[in-house]
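Let me begin by presenting the structure, written as structure tokens, before commenting on it.
FYI, it's all coordinate maths here, none of it is from the lab. Everything quoted here is computed from the prediction, not taken from an experiment. Heads up, the Cβs are rebuilt from the backbone with ideal geometry, glycines too, and the neighbour counts pull from every protein chain shown.
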Amino acid sequence: MLLVSDSPATRSACGALATALESAGAEVLLDAPLGLEALSCSDLLLGLDGVGLFINPLQVPPFLQRLRQAAALRGRTPVAVFSGPSTPLVGDDLAMDLLPRLGVDLLCLQGPRQQEELADLVRTCGQSPPPTALLGLWGLAPKLPAAAPGSRPRRLVFLEQAMLPPAPGARLRLLEVLERLCSSSPDWEVILQSDPLQDGLGHAGNHAGSAAVEDSEPSLAALLEQRPPLANLRLAPPSDWARSLDRAGVCATISSPLLWEALGRELPLLLLGDYGIRSDMQGPLLFGSGLMGRITSCENLEELLHLPSPNPGWLRELGWEIGPDAAALIQWLADRPAQATDLAEQR
């Protein structure tokens, strides 16, 4: 099968899903040989059992239309298409992500909460949903064992994001807090990890929903260049996000999608509650996590080594305890030829 992504973060997620699929005996391709429009009509798809579309959800309906029109002209059954959000989403963000995907053959959901919200969504919109498979948090790298607090590197990775609460000077004030913590903790290193989705290639579900406002003020990188340098504060480019997380001792963010990668590595994680519980900053999703705190109340970075663990019930509802097991997807693909035959006979 072929997994199609459209950003560095979704490609990483597809890599994790490919690992699970390959362990179940599937052959997986991660590099689409053509652009979306050409791929949807290409006979290269005829040799595949399935195509996973983990792209901007608004691009899914036109892909499906072209795919099915091309298959009809050839007198062939179109290849099975599965899709779903690559990061955990709930509420309005989940609805915006799922609505354009309802035409696929299989929706890949992560946990019970998404399944319940899908049922509510289709009752409201009156559209019949496709079959679903619960794959857990399939987009994460394999979970790693947690290190003891005393053995963690004194390194805070702050995960920047393009979307911030619409408050003038919010990014500058945040940088000033981080600079203060660097000064009070000289034996620590602080890495400002630039947002790998800030190039606009990530789909709508990767950031907060439509209420979020892209900050028009300078980025942390631009602000940092204008400030007196600190030996233990540096910026990491977007492409370094995985390396930064692998080397981190602690992570902090407002609501960057990379927070799930931090949790997958069992890193202590601080979700900044300094801005309150905001719907435009994934508040409905993160509420109940047990991870929120005020970074402005932190006196030194040693305090972050003793952050609380996430709420197990919150993780369970999101699908944390499922897999990531691609067996449900493999089984659905194996059963599909029979389903397609039955459908043809019914028609």
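Highest mean packing first, where packing is the average number of other Cβ atoms within 10 Å per residue, the peptides 19-27, 56-64, 98-106, 68-76 line up as 98-106, 56-64, 19-27, 68-76.
Please list 85-92, 29-36 highest first by mean number of surrounding beta-carbon atoms within 10 Å per residue.
Ranking, from highest mean packing down: 85-92, 29-36.
What the phi angles of the stretch 48-61 give under the Karplus curve with 6.51, -1.76 and 1.60, with θ = phi - 60°, is a coupling list of 9, 8, x, 10, x, 9, 10, 10, 3, x, 5, 8, 6, x Hz, glycine and proline written as x. A protection proxy built from the mean count of other Cβ atoms within 10 Å ranks the segments 249-256, 124-131, most packed first, as 249-256, 124-131.
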